[in-house]
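Below you'll find the structure, written out as structure tokens, and then a few comments.
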Amino acid sequence: DTEVTQTPKHLVMGMTNKKSLKCEQHMGHRAMYWYKQKAKKPPELMFVYSYEKLSINESVPSRFSPECPNSSLLNLHLHALQPEDSALYLCASSQVSRDSDYGYTFGSGTRLTVV
Amino acid sequence: AQSVTQLDSQVPVFEEAPVELRCNYSSSVSVYLFWYVQYPNQGLQLLLKYLSGSTLVKGINGFEAEFNKSQTSFHLRKPSVHISDTAEYFCAVSRNNAGNMLTFGGGTRLMVKP
């Protein structure tokens with residue numbers, strides 16, 4: 001299995017809703033990432049998990065709450081979002097290495113619309 | 001800290017013509033270099049990477065890139081493009097011996113015309 005699977009593919013939510021994005025990989029990668037991508041822009045890093053521990057939080061508002069329940073799963077819990085949070089949310093995974101870099105494997109993303 | 005500049009936001013080209021997408025980086029330490037492609041409504045797919053060794057790197061879909069340390073460049077080339085190559089292309093760097101933290105360039109939209 002060489003894929004990162006993200007669900008759902010599309011999500012429309014109101015500003016008072018609570019929803020979760022899910023990401024799963026079975027490649028044995030021990031680093032997992034959440035990125036936010038606005039239209040015609042590069043991905044922006046949100047969170048990094050390394051060995052299931054949060055290692056980087058790029059000053060993301062608390063209305064986004066990540067969770068890594070095990071080495072294969074990564075969730076992003078959403079609450080009280082704003083319309084400007086509408087974007088493509090990408091999950092990625094990679095091997096952890098200080099001596100090399102094998103690149104990331106990205107999921108296809110969740111297209112989020114906040115109304 | 002490192003940074004990546006993709007000099008062209010859009011590159012229009014006719015089908016079967018050659019193309020070069022430019023990427024320059026700045027870093028005070030050695031880096032690893034990557035090119036990713038993003039098709040509409042998709043995630044990013046790794047095209048190729050330079051870690052060490054030969055400066056000419058071959059990737060998927062007939063793409064190749066050349067690492068030029070003196071010019072701090074990592075330009076992507078393809079000798080003959082297809083309509084299906086229309087996509088957004090991102091150059092990215094990560095620092096050697098610092099884990100796997102990627103810094104992306106702003107992206108180049110390759111538009112292949114019939």
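Please return the ranges of strands (runs of 3 or more DSSP E) entirely within region A:35-115 where 1 or more residues are within 17 Å of B:Tyr36 (Cβ to Cβ).
A:44-50, A:87-94
Residues to consider are B:Val81, B:Val93; find the one that is among the aliphatic types (A, V, I, L, M) and modelled with pLDDT under 95. Outline the logic, then answer.
On the way: B:Val81 fails: modelled with pLDDT under 95.
Every option except B:Val93 fails the conditions.
List the number of the failed condition for B:Ser54; all other conditions in (1) more than 14 Å from the chain's Cα centre (by Cα); (2) assigned to a strand (DSSP E or B); (3) more than 14 Å from chain A (Cβ to nearest Cβ); (4) not β-branched (Val, Ile, Thr) hold.
The single condition B:Ser54 does not satisfy is (2).
Here are the criteria: (1) crowded, with 20+ Cβ neighbours inside 10 Å; (2) out of contact with any Gly (no Cβ under 7 Å at 6 or more places or on another chain); (3) assigned to a strand (DSSP E or B); (4) not hydroxyl-bearing (Ser, Thr, Tyr). Tell me which single one B:Val4 does not satisfy.
(2)
Can you tell me which residues in region A:45-55 are aliphatic (A, V, I, L, M) and either closer than 18 Å to A:Gly107 by Cβ or within 10 Å of chain B (Cβ to nearest Cβ) (or both)? Steps first, please.
As a first pass, look at region A:45-55 and keep what is aliphatic (A, V, I, L, M): A:45-46, A:48, A:54.
A:Leu45, A:Met46, A:Val48, listed by residue number.
Give the residue, chosen from B:Ser52, B:Ser73, that is without any contact (Cβ under 8 Å) to a residue 60 or more places away in the chain, of a type in the set (S, T, N, Q) and touching a strand residue (DSSP E or B) at 6+ places or on another chain (Cβ under 6 Å). Outline the logic, then answer.
Values: B:Ser52 fails: touching a strand residue (DSSP E or B) at 6+ places or on another chain (Cβ under 6 Å).
That would be B:Ser73, the only listed residue that is without any contact (Cβ under 8 Å) to a residue 60 or more places away in the chain, of a type in the set (S, T, N, Q) and touching a strand residue (DSSP E or B) at 6+ places or on another chain (Cβ under 6 Å).
So which pairs qualify, if the first residue must be in region B:4-31 and within 23 Å of A:Pro43 (Cα to Cα) and modelled with pLDDT of 95 or more, the second must be of a type in the set (Gly, Ala, Ser) and in a strand (DSSP E or B), the Cβ gap must be under 6 Å, and the two must be at least 6 apart or on different chains?
Close Cβ pairs (under 6 Å, with a partner that is of a type in the set (Gly, Ala, Ser) and in a strand (DSSP E or B)) amount to B:Asn24/B:Ser73.
Out of everything in region A:88-115 that is in contact with an Asp or Glu (Cβ under 9 Å, 6 or more places away or on another chain) and more than 14 Å from A:Lys22 (Cβ to Cβ), what residue ends up being modelled with the lowest pLDDT?
The qualifying residue modelled with the lowest pLDDT is A:Gln95.
Okay, residues lined up against (1) within 14 Å of another protein chain (Cβ to nearest Cβ); (2) surrounded by 13 or more Cβ atoms within 10 Å (Cβ to Cβ); (3) among the acidic types (Asp, Glu); (4) in contact with a Cys (Cβ under 8 Å, 6 or more places away or on another chain):
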{"position": "A:Glu3", "(1), (2), (3), (4)": "yes, yes, yes, no"}
{"position": "A:His10", "(1), (2), (3), (4)": "yes, no, no, no"}
{"position": "A:His29", "(1), (2), (3), (4)": "yes, yes, no, no"}
{"position": "A:Tyr35", "(1), (2), (3), (4)": "yes, yes, no, yes"}
{"position": "A:Pro43", "(1), (2), (3), (4)": "yes, yes, no, no"}
{"position": "A:Leu73", "(1), (2), (3), (4)": "no, yes, no, yes"}
{"position": "A:Ser86", "(1), (2), (3), (4)": "no, yes, no, no"}
{"position": "A:Phe106", "(1), (2), (3), (4)": "yes, yes, no, yes"}
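So that you can scan it fast, the table gives a plain yes or no per residue for (1) modelled with pLDDT under 95; (2) β-branched (Val, Ile, Thr); (3) under 17 Å from B:Phe104 (Cβ atoms):
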residue: A:Thr2; (1), (2), (3): yes, yes, no
residue: A:His10; (1), (2), (3): no, no, no
residue: A:Ala39; (1), (2), (3): yes, no, yes
residue: A:Leu74; (1), (2), (3): no, no, no
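The values are calculated or read from the model by the stated rules, or taken from the named source; none is laboratory data. Worth saying up front: this structure is predicted, and the values here are computed from it rather than measured. Note: ideal-geometry Cβ built from the backbone for every residue, glycine included; neighbour counts use all protein chains shown.
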